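**Q** I am attaching a structure below and will ask some questions about it afterwards.
The values are calculated or read from the model by the stated rules, or taken from the named source; none is laboratory data. Everything numeric in this text was worked out from a predicted model, so none of it was measured. Methodologically, a virtual Cβ is constructed for each residue, glycine included, from the backbone with ideal geometry; neighbour enumeration extends over all protein chains shown. Ligands, DNA and RNA are stripped out before the accessible areas are found, and what is left, the full protein with its side chains, is counted by its heavy atoms. Shrake-Rupley method; radii C 1.70, N 1.55, O 1.52, S 1.80 Å.
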Number of protein chains: 2
Amino acid sequence: MSTTNRQIRLAARPVGEVKPEDWEHRAEPVEEPGPGQFVGRTRVISLDPAMRGWLDDRPSYLPPVGLGEVMRAGSVIEVTASNHPDFRPGDHVVGTFGVQEYAVSDGRGAMKIDTSLAPASTYLGALGMPGMTAYFGLLDVGALRDGETVVVSGAAGAVGTIAGQIAKARGCRVVGIAGGPEKCGMLTGELGFDAAIDYRAEDVRKALREHAPDGIDVYFDNVGGDVLDAALTRLAMHARVVVCGAISQYNNATPVKGPSNYLSLLVRRARMEGFVVFDYAKRYAEAAQEISALIGAGRIKVKEHVVRGTVDDFPAALQMLFRGENVGKLVLELA
Amino acid sequence: MSTTNRQIRLAARPVGEVKPEDWEHRAEPVEEPGPGQFVGRTRVISLDPAMRGWLDDRPSYLPPVGLGEVMRAGSVIEVTASNHPDFRPGDHVVGTFGVQEYAVSDGRGAMKIDTSLAPASTYLGALGMPGMTAYFGLLDVGALRDGETVVVSGAAGAVGTIAGQIAKARGCRVVGIAGGPEKCGMLTGELGFDAAIDYRAEDVRKALREHAPDGIDVYFDNVGGDVLDAALTRLAMHARVVVCGAISQYNNATPVKGPSNYLSLLVRRARMEGFVVFDYAKRYAEAAQEISALIGAGRIKVKEHVVRGTVDDFPAALQMLFRGENVGKLVLELA
């Protein structure tokens, strides 16, 4: 076992895009677990669009990552030493352990996982926060009904791929919006979406008219900006717009672009609603069970984009997200 | 009885603010009522912010007023001749009879009113569309619960005055946003609002922090623009934003300003929802009964702004609305 713990800490609050100098690469000694604690070695680190928001010093659903603190991240660790009755060496555990090679935990917010059922990365994706987000966003916030027309933006991402496939499994017509022909081809060819719109190459509003001719019942928005505005022009009566994220706006140094077409909410008697997945923690088991069953039945295909490297590769991997270079759930797997 | 029927017709589609030359002032002979019809002389004409939207040639909840057509307007007419079994000369009738001195109707969408219970103008205000809008917007769309904190913009207008007073009657803390010290003084001094914010003179965001210290549970928006954005920064958890209108944006020749702060819907697990009052037509009687009772009990004070003149004064009266020159329900009473 190594005695150094390489970590990525927040060095400066980024303005606009996160720059290399906003991070500090540091090596600390690996801590020993105290009474009731365990220590583990990081196997896989999650990269999430929400991370950008955690870097800004403003009130949100979680406090910002403090300057000098280890970057917050979900990850899977393998326990190497333990004074905790529930966690033994060799156990794989998912939790918010941060961007570092080793983490100490008292078990709060940590959950043992079975890597014989699914790879560790999947507990950060389809069976982790992105899967939970897709499930509760679509079914609870979006109040999806079987057979409706669903449009998902950021459709080739971690949340979008799952949201679209859950909707397909419920007999919905599903249209994905993503960037580039490769992602779009994957959505229709591999994941069974009814249509895909390449927002970089197509007029989204026009394409929605074609692919959602009766209007959109549920619009699951991961991107905000112009794509949100286009979707608002195509809402069906009593539509639900699920505000899951706004990745197109997270790196803005200028104010967020608000949806100019929000008055279509009035014309279409529609609602736009936000949510934070943590509020559904008590029901994660329900969602994980359904998603597992759908994976088992081949009705959800798990898309993961694995970067293999060290914690020092975290900053570059995070940039991939905002450049849309990942397909499916992006993770950093430590060698 | 006069034999000419002066009318205001739409001559051109306005760009930005409505200009005098967008209207045609015309005199037609008064029509005779056909079988099953009645004719009446206009007593009071309603002026509504929504009228601006009806002038634009784009899909909305009602078709646009056609070029050359009599301007659509709610009004109260007094029946002068009738071939309809339910309407007799002398009856006062409310309906969408247009901006003209005489109107012929077959009774569809028309309702006899009792001007001994309330003046004709009140059937266009507190007991008409604005009252219905306030009632269903607040209670159904806003899902108002007793004791919550409610913020109303356009608070001194036809809808705002009623919405705020309904909320007060339900034990809510009510903050009104309006333009100018006179309106604000009226809200707190006369209508019993807990606080009023003058958006022309105050920093609305700061004032909301002071007057809604625990956050806004229901924000009833009549104005859009910067005021909406300010309110979004002060939402309580699970807040409801009722999109009733956006008078600050109706005269824009440029695109509507979307709410930059819409992502607070996510952080606060809140929703923004639009509605059109016509959808509640089957329940108007319920609302009218409750509002009447509140008026009777002195818990709703009816504010009306009466312009006395002829149909030719309609264009100028409509401008008053967009300049915020009215207090309460603006009507044009024909001499």
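**Q** What is the one condition in (1) outside any strand (DSSP E or B); (2) under 21 Å from A:N251 (Cβ atoms); (3) touching a Phe, Trp or Tyr at 6+ places or on another chain (Cβ under 7 Å); (4) touching a residue at least 60 places away in the same chain (Cβ under 8 Å) that A:G107 does not satisfy?
**A** Of everything listed in (1) outside any strand (DSSP E or B); (2) under 21 Å from A:N251 (Cβ atoms); (3) touching a Phe, Trp or Tyr at 6+ places or on another chain (Cβ under 7 Å); (4) touching a residue at least 60 places away in the same chain (Cβ under 8 Å), A:G107 misses just condition (2).
**Q** Take the residues of the range B:202-223 that are aliphatic (A, V, I, L, M) and part of a strand (DSSP E or B): which is nearest to B:R268 (Cα to Cα)? Break it down stepwise before answering.
**A** At the first step, the residues of the range B:202-223 found to be aliphatic (A, V, I, L, M) are B:204, B:207-208, B:212, B:216, B:218, B:223.
Of the ones still in play, those that are also part of a strand (DSSP E or B) are B:216, B:218.
Details: B:I216: 11, B:V218: 12 Å.
Step by step, filter the range B:202-223, then rank; the result is B:I216.
**Q** Residues that are open to solvent by less than 20 Å² (accessible area, probe 1.4 Å), out of contact with any Lys or Arg (no Cβ under 9 Å at 6 or more places or on another chain), within 14 Å of B:S292 (Cβ to Cβ) and in a loop (DSSP other than H, G, I, E, B): does the range B:113-135 have at least one?
**A** Among the residues of the range B:113-135, at least one is open to solvent by less than 20 Å² (accessible area, probe 1.4 Å), out of contact with any Lys or Arg (no Cβ under 9 Å at 6 or more places or on another chain), within 14 Å of B:S292 (Cβ to Cβ) and in a loop (DSSP other than H, G, I, E, B), which makes the answer yes.
**Q** Just to be sure before I move on: is A:P49 more than 24 Å from A:G309 (Cβ to Cβ) and under 24 Å from the mean Cα position of the chain (by Cα) in the structure I sent?
**A** Working: more than 24 Å from A:G309 (Cβ to Cβ): no; under 24 Å from the mean Cα position of the chain (by Cα): yes.
No; evaluated as a whole, the condition is false for this residue.
**Q** Can you pull out the residues in the range B:77-112 that are among the polar types (S, T, N, Q) and open to solvent by less than 40 Å² (accessible area, probe 1.4 Å)? Let's see the steps before the verdict.
**A** As a first pass, look at the range B:77-112 and keep what is among the polar types (S, T, N, Q): B:80, B:82-83, B:96, B:100, B:105.
Correct list: B:S82, B:Q100, B:S105.
**Q** Given the criteria open to solvent by 40 Å² or more (accessible area, probe 1.4 Å) and either within 13 Å of chain A (Cβ to nearest Cβ) or under 25 Å from B:M129 (Cβ atoms) (or both), does B:M186 qualify?
**A** Numbers: open to solvent by 40 Å² or more (accessible area, probe 1.4 Å): no; either within 13 Å of chain A (Cβ to nearest Cβ) or under 25 Å from B:M129 (Cβ atoms) (or both): yes.
When the stated conditions are applied, B:M186 does not pass them.
**Q** Could you pull out the residue among A:P85, A:P59 that is at pLDDT 95 or above, over 21 Å from A:G309 (Cβ atoms) and not β-branched (V, I, T)? Explain how you work it out, then say what you get.
**A** Values: A:P59 fails: at pLDDT 95 or above.
After applying the criteria, what remains is A:P85.
**Q** Another question, if that's okay. State the number of residues belonging to the range B:249-266 that are among the hydrophobic types (A, V, I, L, M, F, W, C) and open to solvent by 30 Å² or more (accessible area, probe 1.4 Å).
**A** Step one: filter the range B:249-266 for residues among the hydrophobic types (A, V, I, L, M, F, W, C), giving B:253, B:256, B:263, B:265-266.
Still in the running and open to solvent by 30 Å² or more (accessible area, probe 1.4 Å): B:253, B:256, B:263.
Residues flagged as among the hydrophobic types (A, V, I, L, M, F, W, C) and open to solvent by 30 Å² or more (accessible area, probe 1.4 Å) within the range B:249-266 amount to 3.
**Q** From B:E304, B:E210, B:E273, grab the single residue that is crowded, with 20+ Cβ neighbours inside 10 Å and either over 24 Å from the mean Cα position of the chain (by Cα) or within 9 Å of chain A (Cβ to nearest Cβ) (or both). So that I can check it myself, show each step before the final result.
**A** Values: B:E304 fails: either over 24 Å from the mean Cα position of the chain (by Cα) or within 9 Å of chain A (Cβ to nearest Cβ) (or both); B:E210 fails: crowded, with 20+ Cβ neighbours inside 10 Å.
Going through B:E304, B:E210, B:E273 in turn, just one is crowded, with 20+ Cβ neighbours inside 10 Å and either over 24 Å from the mean Cα position of the chain (by Cα) or within 9 Å of chain A (Cβ to nearest Cβ) (or both): B:E273.
**Q** Shifting gears a bit: Of all the residues that make up the range B:145-178, how many are in contact with a Lys or Arg (Cβ under 6 Å, 6 or more places away or on another chain), assigned to a loop (DSSP other than H, G, I, E, B) and open to solvent by less than 10 Å² (accessible area, probe 1.4 Å)?
**A** Of the residues in the range B:145-178, the ones in contact with a Lys or Arg (Cβ under 6 Å, 6 or more places away or on another chain) are B:146, B:149, B:156, B:158, B:161, B:169, B:174.
Adding the requirement that they be assigned to a loop (DSSP other than H, G, I, E, B) leaves B:146, B:156.
Pick out the ones that are also open to solvent by less than 10 Å² (accessible area, probe 1.4 Å) and you get B:156.
Going through the range B:145-178 one residue at a time, the tally reaches 1.
**Q** State all residues of the range B:234-263 that are closer than 15 Å to A:K257 by Cβ and either touching a Cys at 6+ places or on another chain (Cβ under 9 Å) or small (G, A, S) (or both); if no residue qualifies, say none. I'd like the intermediate steps shown before the answer.
**A** The first filter runs over the range B:234-263 and keeps only residues closer than 15 Å to A:K257 by Cβ, leaving B:254-263.
Within the range B:234-263, B:G258, B:S260 meet the criteria.
**Q** Tell me, which residue of the range A:289-335 that is acidic (D, E) and free of Cβ contacts under 8 Å to residues at least 60 places away in the same chain is nearest to A:V94 (Cα to Cα)?
**A** As a first pass, look at the range A:289-335 and keep what is acidic (D, E): A:290, A:304, A:312-313, A:325, A:333.
Remaining after also requiring free of Cβ contacts under 8 Å to residues at least 60 places away in the same chain: A:313, A:325.
Numbers: A:D313: 20, A:E325: 25 Å.
Among residues in the range A:289-335 that are acidic (D, E) and free of Cβ contacts under 8 Å to residues at least 60 places away in the same chain, the one nearest to A:V94 (Cα to Cα) is A:D313.
**Q** Give just the number: which of (1) surrounded by 15 or more Cβ atoms within 10 Å (Cβ to Cβ); (2) in contact (Cβ under 8 Å) with a residue 12 or more places away in the chain does A:E202 not satisfy?
**A** (2)
**Q** If a residue has to be within 12 Å of chain B (Cβ to nearest Cβ) and either closer than 24 Å to B:N252 by Cα or in contact (Cβ under 8 Å) with a residue 60 or more places away in the chain (or both) to count, how many in the range A:224-265 make the cut?
**A** Number satisfying all stated conditions: 28.
**Q** Another question, then. What about B:A169, is it out of contact with any Phe, Trp or Tyr (no Cβ under 9 Å at 6 or more places or on another chain), under 30 Å from B:V65 (Cα atoms) and not charged (D, E, K, R)?
**A** For B:A169, the condition - out of contact with any Phe, Trp or Tyr (no Cβ under 9 Å at 6 or more places or on another chain), under 30 Å from B:V65 (Cα atoms) and not charged (D, E, K, R) - is not met.
**Q** Filter the range A:46-68 for residues that are open to solvent by 40 Å² or more (accessible area, probe 1.4 Å) and closer than 23 Å to A:M111 by Cβ; which is nearest to the other protein chains (Cβ to nearest Cβ)?
**A** A:Y61
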